[in-house]
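So the structure is just underneath, and the comments pick up after that.
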Amino acid sequence: LVKGPTGTGKTESVLFPALAKGYRLFLPFPARSLLEDQKDRIEQYLLKFSKLPENQNREVSLVVDTGSQMYRWVYQNGKDITKELNINLRRHLYKGDVILTTLDKFLYRYFSFGDQQKSFVFPLRINRSKTLICFDEAHSYDNISFTNFQSLVRSLYEAGRSLVLMTA
(Lines give C-alpha, C1' and ligand atoms only; values in the text may rest on other atoms or scores of the structure.)
Protein backbone atom coordinates (compact mmCIF):
# COMPACT_ATOMS: atom_id res chain seq x y z
CA LEU A 1 0.00 0.00 0.00
CA VAL A 2 1.48 3.35 -1.05
CA LYS A 3 -0.04 6.51 0.38
CA GLY A 4 1.12 9.99 -0.48
CA PRO A 5 -0.12 13.35 -1.73
CA THR A 6 -0.69 13.92 -5.43
CA GLY A 7 2.53 14.64 -7.32
CA THR A 8 4.92 12.98 -4.85
CA GLY A 9 6.13 10.20 -7.17
CA LYS A 10 3.96 7.23 -6.24
CA THR A 11 3.70 6.12 -9.88
CA GLU A 12 7.45 6.41 -10.41
CA SER A 13 8.11 4.44 -7.21
CA VAL A 14 6.37 1.47 -8.82
CA LEU A 15 7.15 2.04 -12.52
CA PHE A 16 10.93 2.36 -12.31
CA PRO A 17 11.64 -0.78 -10.23
CA ALA A 18 9.16 -2.81 -12.31
CA LEU A 19 10.95 -1.81 -15.52
CA ALA A 20 14.39 -2.39 -14.04
CA LYS A 21 13.46 -5.88 -12.83
CA GLY A 22 11.66 -6.84 -16.04
CA TYR A 23 8.15 -7.01 -14.63
CA ARG A 24 5.03 -6.55 -16.73
CA LEU A 25 3.17 -3.68 -15.04
CA PHE A 26 -0.61 -3.34 -15.27
CA LEU A 27 -1.95 0.08 -14.30
CA PRO A 28 -5.77 0.01 -14.16
CA PHE A 29 -7.19 3.50 -13.60
CA PRO A 30 -10.66 4.46 -12.34
CA ALA A 31 -11.33 6.68 -15.38
CA ARG A 32 -10.11 7.20 -18.94
CA SER A 33 -9.21 10.80 -18.17
CA LEU A 34 -6.67 9.64 -15.56
CA LEU A 35 -5.29 7.09 -17.98
CA GLU A 36 -4.85 9.74 -20.67
CA ASP A 37 -3.07 12.01 -18.18
CA GLN A 38 -0.59 9.24 -17.40
CA LYS A 39 -0.04 7.92 -20.93
CA ASP A 40 2.13 10.76 -22.22
CA ARG A 41 4.10 10.90 -18.98
CA ILE A 42 4.81 7.16 -18.95
CA GLU A 43 5.67 7.22 -22.65
CA GLN A 44 8.41 9.77 -21.93
CA TYR A 45 9.80 7.56 -19.15
CA LEU A 46 9.83 4.54 -21.47
CA LEU A 47 11.67 6.48 -24.16
CA LYS A 48 14.33 7.50 -21.61
CA PHE A 49 14.47 3.99 -20.12
CA SER A 50 15.01 2.44 -23.57
CA LYS A 51 17.91 4.83 -24.13
CA LEU A 52 19.90 3.72 -21.07
CA PRO A 53 23.13 1.87 -21.96
CA GLU A 54 22.04 -1.27 -20.09
CA ASN A 55 18.87 -1.40 -22.23
CA GLN A 56 20.66 -1.01 -25.56
CA ASN A 57 18.59 -2.69 -28.29
CA ARG A 58 15.92 -3.81 -25.78
CA GLU A 59 12.36 -3.25 -26.98
CA VAL A 60 10.11 -1.68 -24.35
CA SER A 61 6.42 -1.39 -25.04
CA LEU A 62 3.38 0.49 -23.81
CA VAL A 63 -0.17 -0.81 -24.26
CA VAL A 64 -3.33 1.24 -23.83
CA ASP A 65 -6.59 -0.69 -23.64
CA THR A 66 -9.81 1.12 -22.84
CA GLY A 67 -12.10 -0.87 -25.08
CA SER A 68 -12.59 1.96 -27.54
CA GLN A 69 -8.84 2.16 -28.02
CA MET A 70 -6.37 -0.71 -27.95
CA TYR A 71 -2.90 0.27 -29.04
CA ARG A 72 0.70 -0.81 -28.53
CA TRP A 73 3.77 1.39 -28.93
CA VAL A 74 7.32 0.02 -29.01
CA TYR A 75 10.43 1.96 -28.01
CA GLN A 76 14.08 1.12 -28.56
CA ASN A 77 17.26 3.14 -28.03
CA GLY A 78 15.26 6.25 -27.14
CA LYS A 79 13.03 6.15 -30.23
CA ASP A 80 9.47 5.13 -31.04
CA ILE A 81 10.01 2.25 -33.48
CA THR A 82 6.36 1.20 -33.72
CA LYS A 83 6.01 2.22 -37.38
CA GLU A 84 9.31 0.59 -38.33
CA LEU A 85 8.06 -2.76 -37.01
CA ASN A 86 4.98 -2.56 -39.21
CA ILE A 87 2.88 -4.20 -36.50
CA ASN A 88 -0.87 -4.19 -36.10
CA LEU A 89 -1.25 -1.69 -33.25
CA ARG A 90 -4.50 -3.29 -32.11
CA ARG A 91 -3.12 -6.83 -31.95
CA HIS A 92 -1.10 -6.52 -28.79
CA LEU A 93 -2.64 -9.32 -26.68
CA TYR A 94 -1.08 -7.72 -23.61
CA LYS A 95 2.53 -8.23 -24.58
CA GLY A 96 3.43 -4.80 -23.22
CA ASP A 97 5.87 -3.96 -20.47
CA VAL A 98 3.42 -1.35 -19.19
CA ILE A 99 -0.31 -1.78 -19.74
CA LEU A 100 -2.64 1.13 -19.06
CA THR A 101 -6.31 0.26 -18.80
CA THR A 102 -9.47 1.16 -16.91
CA LEU A 103 -10.94 -0.79 -14.01
CA ASP A 104 -13.96 -1.74 -16.13
CA LYS A 105 -11.83 -3.08 -18.98
CA PHE A 106 -9.50 -4.85 -16.55
CA LEU A 107 -12.48 -6.63 -14.95
CA TYR A 108 -13.82 -7.50 -18.39
CA ARG A 109 -10.51 -8.97 -19.50
CA TYR A 110 -9.62 -10.67 -16.20
CA PHE A 111 -12.87 -12.60 -16.02
CA SER A 112 -12.59 -13.59 -19.72
CA PHE A 113 -15.57 -11.85 -21.23
CA GLY A 114 -15.60 -11.20 -24.95
CA ASP A 115 -14.23 -12.80 -28.09
CA GLN A 116 -13.68 -16.52 -27.47
CA GLN A 117 -10.36 -16.54 -29.34
CA LYS A 118 -8.90 -13.86 -27.12
CA SER A 119 -10.85 -14.19 -23.88
CA PHE A 120 -8.36 -16.61 -22.32
CA VAL A 121 -5.23 -14.73 -23.35
CA PHE A 122 -5.52 -12.04 -20.69
CA PRO A 123 -5.79 -14.38 -17.67
CA LEU A 124 -2.87 -16.36 -19.08
CA ARG A 125 -0.70 -13.25 -19.36
CA ILE A 126 -1.74 -11.80 -16.01
CA ASN A 127 -0.93 -15.03 -14.19
CA ARG A 128 2.63 -15.23 -15.43
CA SER A 129 5.42 -14.63 -12.96
CA LYS A 130 6.96 -11.17 -12.94
CA THR A 131 3.59 -9.46 -13.35
CA LEU A 132 2.73 -6.55 -11.08
CA ILE A 133 -0.71 -4.96 -10.88
CA CYS A 134 -0.82 -1.44 -9.50
CA PHE A 135 -4.12 0.27 -8.77
CA ASP A 136 -3.63 4.02 -8.61
CA GLU A 137 -6.21 6.44 -7.19
CA ALA A 138 -7.73 3.65 -5.06
CA HIS A 139 -9.57 6.26 -2.98
CA SER A 140 -11.64 7.44 -5.95
CA TYR A 141 -13.93 4.40 -6.29
CA ASP A 142 -17.46 4.73 -4.99
CA ASN A 143 -20.58 2.55 -4.61
CA ILE A 144 -20.68 -0.26 -7.19
CA SER A 145 -17.24 0.60 -8.53
CA PHE A 146 -15.76 0.15 -5.05
CA THR A 147 -17.55 -3.18 -4.61
CA ASN A 148 -16.14 -4.40 -7.95
CA PHE A 149 -12.69 -3.00 -7.09
CA GLN A 150 -12.70 -4.68 -3.67
CA SER A 151 -13.80 -8.04 -5.13
CA LEU A 152 -11.16 -7.85 -7.84
CA VAL A 153 -8.36 -7.02 -5.40
CA ARG A 154 -9.45 -9.87 -3.13
CA SER A 155 -9.52 -12.29 -6.09
CA LEU A 156 -6.08 -11.20 -7.28
CA TYR A 157 -4.64 -11.41 -3.75
CA GLU A 158 -6.07 -14.89 -3.20
CA ALA A 159 -4.60 -15.96 -6.56
CA GLY A 160 -1.17 -14.87 -5.32
CA ARG A 161 -0.75 -11.94 -7.72
CA SER A 162 1.69 -9.15 -6.89
CA LEU A 163 -0.36 -6.05 -6.07
CA VAL A 164 0.20 -2.41 -5.19
CA LEU A 165 -2.62 -0.10 -4.10
CA MET A 166 -1.90 3.62 -4.24
CA THR A 167 -3.93 6.44 -2.80
CA ALA A 168 -3.64 10.14 -2.18
Out of everything in segment 156-168 that is touching a residue at least 12 places away in the same chain (Cβ under 8 Å), open to solvent by 30 Å² or more (accessible area, probe 1.4 Å) and not in a strand (DSSP E or B), what residue ends up being farthest from L27 (Cα to Cα)? A159
Per the list (1) at pLDDT below 65; (2) more than 26 Å from K10 (Cβ to Cβ), residue check on R125 breaks on (2)
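Taking the options L27, L15, L62, L19, name whichever one is touching a residue at least 60 places away in the same chain (Cβ under 8 Å) and part of a strand (DSSP E or B).
Values: L15 fails: part of a strand (DSSP E or B); L62 fails: touching a residue at least 60 places away in the same chain (Cβ under 8 Å); L19 fails: part of a strand (DSSP E or B).
Just a single option satisfies the conditions, and that option is L27.
In this structure, is D37 buried (at least 16 other Cβ atoms within 10 Å of the Cβ), assigned to a helix (DSSP H, G or I), out of contact with any His (no Cβ under 9 Å at 6 or more places or on another chain) and of a type in the set (D, E, K, R)? Let's see the steps before the verdict.
Numbers: buried (at least 16 other Cβ atoms within 10 Å of the Cβ): no; assigned to a helix (DSSP H, G or I): yes; out of contact with any His (no Cβ under 9 Å at 6 or more places or on another chain): yes; of a type in the set (D, E, K, R): yes.
In short, no.
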Kindly check whether there is at least one residue in segment 94-113 that is at pLDDT below 85 and farther than 21 Å from L163 by Cα. yes
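The values are calculated or read from the model by the stated rules, or taken from the named source; none is laboratory data. All values reported here derive from a predicted model rather than from experimental measurement. A quick note on method: Cβ atoms are made from the backbone with ideal geometry, for glycine too, and the neighbour counts reach across all protein chains shown. Side chains included, ligands, DNA and RNA excluded: accessible areas come from the protein's heavy atoms. Shrake-Rupley method; radii C 1.70, N 1.55, O 1.52, S 1.80 Å.
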